[in-house]
1. So what J values fall out for the range 47-55 if you push phi through Karplus, 6.51 cos²θ - 1.76 cosθ + 1.60 with θ = phi - 60°, rounded to Hz, Gly and Pro as x?
2. Under 11 Å from a label point 7 Å along Cα→Cβ of MET1: give me every residue in the range 30-46 with its amide N that close.
3. For the range 32-53 and the range 1-29, write down the distance between their C-alpha centroids in whole Å.
4. Non-local amide H neighbours of SER2 (under 5 Å, H modeled in plane, Pro and chain starts lacking H): which ones?
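Every number here is computed from the coordinates shown, using simple stated rules; none is lab data. Since the structure is predicted, the reported quantities are computational estimates derived from the model, not experimental observations. Neighbour counts are summed over all protein chains in view; Cβ atoms, including those assigned to glycine, are modelled from backbone coordinates with ideal geometry.
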Amino acid sequence: MSVAVIGPTTFTTTFKLIGAEAHNANDADQTNRVLQEIIDEKRHTLVIIPERFAAETRQTRVDVLKTGSITPVFALVPDFTMETGDRMQELQTVISLAIGTKLEL
């Protein structure tokens, strides 16, 4: 499995130490650009992104799912800014669509 991680150096360093390919991006625009490049290369099966960029990368991630491709898998992980909530909201929405009723957590 090939893993890519996108984000600031403070976020990517740990993942790089365990073998992920690190791509530095310090803002949402850079993250989206790098994410699109990674998707176009089709080399990675897992892409790790800081959760704070969840909203900004959502459309790109949805576009991949619309193609029917099962890879790459996207993992949204909280970073040092501790901005959280987007990941749970996104998961709640997907589960609600799957079961046909709004899931309350």
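1. 10, 9, 10, x, 4, 5, 9, 4, 5
2. 45-46
3. Their Cα centres are 10 Å away from one another.
4. THR45, LEU46
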